[in-house]
1. Only residues that are closer than 16 Å to residue 384 by Cα and of a type in the set (Val, Ile, Thr): list them for region 320-339, please.
2. With respect to residue 77, determine if the residue is basic (Lys, Arg) and modelled with pLDDT of 85 or more.
3. Can you tell me which condition residue 273 does not meet? The list is (1) more than 13 Å from the chain's Cα centre (by Cα); (2) surrounded by 22 or more Cβ atoms within 10 Å (Cβ to Cβ), and all the others hold.
4. Exactly one of these conditions fails for residue 379: (1) in contact with a Ser or Thr (Cβ under 8 Å, 6 or more places away or on another chain); (2) surrounded by fewer than 17 Cβ atoms within 10 Å (Cβ to Cβ). Give me its number.
5. Look at residue 329 and say whether it is farther than 19 Å from residue 90 by Cβ, in contact (Cβ under 8 Å) with a residue 40 or more places away in the chain and touching a Phe, Trp or Tyr at 6+ places or on another chain (Cβ under 7 Å).
6. With 49, 105, 110 as the choices, which residue is within 26 Å of residue 184 (Cα to Cα), surrounded by fewer than 15 Cβ atoms within 10 Å (Cβ to Cβ) and either touching a Ser or Thr at 6+ places or on another chain (Cβ under 8 Å) or of a type outside the set (A, V, I, L, M, F, W, C) (or both)?
7. Residue under question is residue 89, and the condition is that it be in contact with a Phe, Trp or Tyr (Cβ under 7 Å, 6 or more places away or on another chain), polar (S, T, N, Q) and not in a strand (DSSP E or B); does it hold?
8. Within region 302-309, identify whether any single residue is within 23 Å of residue 419 (Cα to Cα), out of contact with any Phe, Trp or Tyr (no Cβ under 6 Å at 6 or more places or on another chain) and either touching a residue at least 12 places away in the same chain (Cβ under 8 Å) or surrounded by fewer than 22 Cβ atoms within 10 Å (Cβ to Cβ) (or both), and answer yes or no.
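The values are calculated or read from the model by the stated rules, or taken from the named source; none is laboratory data. Since this is a predicted model, take the numbers as computed values, not measurements. Here the Cβ positions follow ideal geometry from the backbone for every residue, glycine too, while neighbour counts run over all protein chains shown.
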Amino acid sequence: MRPSGRSPTCTAPPVGGLFFPQSASLGQDRTDYSTAIQDKIVYAGTSHPSFLTASQDLAKVGELRVLPKQVERLCQRIGLERCQERDDQVAAYLALPLVQRKQAPAGVTPPPVAVVGTDGGRLQVRDDSWGSQAVPASPAEDSPAAPTPPTAAAPPPAAGQGATNASAEAEEKGPHWREDKVAVLMGMSSDTHPNDPCPQIPGNFVDPTRMHKLVRQLRKGVPVEQEPAAAAPPPDSEGQEFAAPGQPWQPPKMEHKRLVASRRNWDCFGPMVAAAAWAMGLFGSARRAFLGDGSENNWSVWRHYFGSFVPILDFIHARTYVHAAAHAGRSRVEGWRCYVRWIAWVWQGDVPRVLEELRQRQQQVGAPQDGDSDGHVRVVVARSLSYLQNNQGRMRYAEYRRQGLPITSSYAESAVKQINQRVKATEKFWTEQGAEAMLQLRADRLSDDQPLDAFWQRRQQQTSGQRPYRRVA
C-alpha cells in the first residue's frame, strides 16, 4: 500500500489484523470459532459416542467442517474451564460458616423433598507409558491453566489429579479401568401419610423371571453360573401367602435434577456434591434423603456432608443379597419360598426377622473356610448376613414410604449409565485431564438447569479479546 496521512508507516494494517478491536465487546476469545459455534461443537462432542461421530454430524447437520481433533481439544479446554469454576464454587462453599452450609442460600427456594444419590462407574485411563500427561496445546488452541486448589479444608486438586490409586481400582478385565464418581441431586415432591401407604410388597418384586434377570445384571452374592433358573413361584399356599401382590407403590415425583461427575477421589468428590446440593437449596428442604448401595464410599460422603439427610439403602441391592442367601444350598422351589418370605419382611422394614433366620442358616452350613469358592453356600450366606447387618439402620422402608421418600437408587444408576454412554467403551482410553473435562461436560449436559447456557454468557462477558496464553512457571 502507499503510505498516506500523518503516520507513513505501513506496519499498522498487519498488526491490526492480529488484534481486532471489537473482540472484547463481541465476546470473542481469539480462537477460530465464535461462541455460538463453540457451543455447538461442545454440544456435539459431549452428546455423541466419539469425537469422530461428532465431527461427522457437525458436517452433515450443521455444515461445519471441524476435524475430530479440534472437537476433542475444544471440549477439553471448555471442560477444564468448567472444572475451574466448579473448584472455585467448592472453595467458596467450604469457606462458609458451618451454619450457612446447612441452610439454603439466599434467593433459592428449597424443594419439598431433597434427594442425593451417589454411585461409581468405570472408564479406561491411559497409563504413564502411553503418555497420559497432557501435552501443552499450541497458542492458538491453548488450554487454561489447571484449576488452583482452594485453601479451604479438603481442597480439590487440580484437574486430572487426586485420582485414586490405579492398582487399587484395576478390575479383572484390564489394568486400565478406573472408577469415576457420579452423583444425582434431585428436587422431588410427594405426600406424607399417617401409615405405610403400601404395606404389601408389590407383585413385580416377587416375580421370579424379573428377579432372575436382575440378579444376573447385578451379579451380587451368587455367581452367574450358580444362579437358579427362572421358574414360576411354587403353587402351594405358603408361597402364595407371601407372594400376594399389594397395591402399586407410587414413588416421589422428580421435579428437577443436577448431575455431578468426576475422576477425583472420594475425599474430593464429597465437597463437590455438597456444594452443588447447597446451591440447589437442598439443605433447606423439610424432608431430605441420601440414597446409596452398600459401598462404604457412599456412606462416608453421607457422614461427612449429609448427616442431616435420612440414609436409605437401595432396596434393589438389598433384595439381591436376600435372593442370593435364600437360594444358597437350596432347591429352586425351596429357595424361592424362602426368598418371598424374607423379602416381604424387608419390604415392611422387619429386617431383624431376616437376620435371625440368616444366623440360623449360617449355623447350619457353618462358617466360611479357607478354600471355599466365592459361590460356596457358606460364603454366600456369610456375605449376605454381613451386608444386612451393616445396613440394618438404613432399611426402615415402611417409615420411608410413610414420609414420602424414595427407596431405590435407580436415579443414580441411570445417571451412571448415561455418563457411561459417552466415556465408557472397550476401545476408549482417556487421559486424566481429558476424562475429568468430559465428565464435567457430560454432567452439565444431563442436568435439567443446563449450566453450560449460563457458562457461555459469563464467558463472553469475561472475554478480554486476547488469546488465553498459559503462564509457564
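1. 320, 322
2. Working: basic (Lys, Arg): yes; modelled with pLDDT of 85 or more: yes.
Against the criterion (basic (Lys, Arg) and modelled with pLDDT of 85 or more), residue 77 qualifies.
3. Of the numbered conditions (1) more than 13 Å from the chain's Cα centre (by Cα); (2) surrounded by 22 or more Cβ atoms within 10 Å (Cβ to Cβ), the odd one out for residue 273 is (1).
4. Evaluating residue 379 over (1) in contact with a Ser or Thr (Cβ under 8 Å, 6 or more places away or on another chain); (2) surrounded by fewer than 17 Cβ atoms within 10 Å (Cβ to Cβ) leaves (2) as the failure.
5. No, not satisfied.
6. It is 49.
7. For residue 89, the condition - in contact with a Phe, Trp or Tyr (Cβ under 7 Å, 6 or more places away or on another chain), polar (S, T, N, Q) and not in a strand (DSSP E or B) - is not met.
8. Taking every residue of region 302-309 in turn, none turns out to be within 23 Å of residue 419 (Cα to Cα), out of contact with any Phe, Trp or Tyr (no Cβ under 6 Å at 6 or more places or on another chain) and either touching a residue at least 12 places away in the same chain (Cβ under 8 Å) or surrounded by fewer than 22 Cβ atoms within 10 Å (Cβ to Cβ) (or both).
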